[in-house]
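Below is one structure, written out as structure tokens; comments come after it.
Readers should treat all values here as calculations from the given coordinates under stated rules, not as data from a laboratory. As the structure is a computational prediction, the values presented were derived from the model and not from experiment. Cβ coordinates were reconstructed from backbone atoms using ideal geometry, including for glycine residues, and neighbour counts include every protein chain displayed.
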Amino acid sequence: MTLLTRVSARCAAALLFALPIASVHADGDDTALTNLVALVSQRLALAEPVAHWKWQHHKPITDTPREDALLADVQKRATVAGVDPAFARAFFRDQIDASTQVQQSLFDTWRASQAPSDPAPDLATATRPQLDRLTGQLIGALARVQPLRGAPDCPARVARTVANWKELTRYDSARTNAMNQALEHVCESGGVGGTA
């Protein structure tokens, strides 16, 4: 993990735990969206150590059986948490696609220049447990943003939240497309409104 990624992850974690857990209300309180964006940012930051491990172990970026198992598990856990399972599945499909996008970008960079030579964190014992923890937290966050999904201003609110997040943290702007991909299905109308 690069220094910038570690700093961003620490900022995300600090901000996430400093914010109260709250539902999204029609009054414009977007605390729950901020919590969701913080968690998505943390998950995207983990794409780097995942890619590093896959690169060093000559593994493909895509692991369809693992992805399918995650999506099935997410649907079950979402139902228990009171989250629409189709929403949870679409959201986590977006997380997978965003992570794949980051990993592919890293592979392309390493092919064109110099690949990391330091040992990658172990995927099974170091990185996957973090991803598993984030999965549970993200399902909880989806429950809190679910009431906002159908609001006409949902895409604009998501875009504003992402823009605010970038100002608050040392967010890597090269990952903007991945962040937008990761938030594609937060709103029922889809997409992140405006330019964030």
Most to least packed among 51-58, 62-69 [average Cβ atoms within 10 Å]: 51-58, 62-69
Where labels lie 7 Å past Cα in the beta-carbon direction, separation of ARG170 and SER189 in nm: 3.6 nm
Summing Lys, Arg as +1 and Asp, Glu as -1, what charge do residues with Cβ under 13 Å from the Cβ of ALA141 carry, ALA141 excluded? +4
Listed by chain and number, the aspartates and glutamates with an alpha carbon less than 19 angstrom from that of LYS54, same-chain partners under 8 positions apart left out, are ASP63, GLU67, ASP68, ASP97, ASP108, ASP118, ASP122, ASP132
Please list, by residue number, everything in the range 36-58 whose backbone N is under 18 Å from a paramagnetic label point 7 Å out along Cα→Cβ of ALA124. 50-58
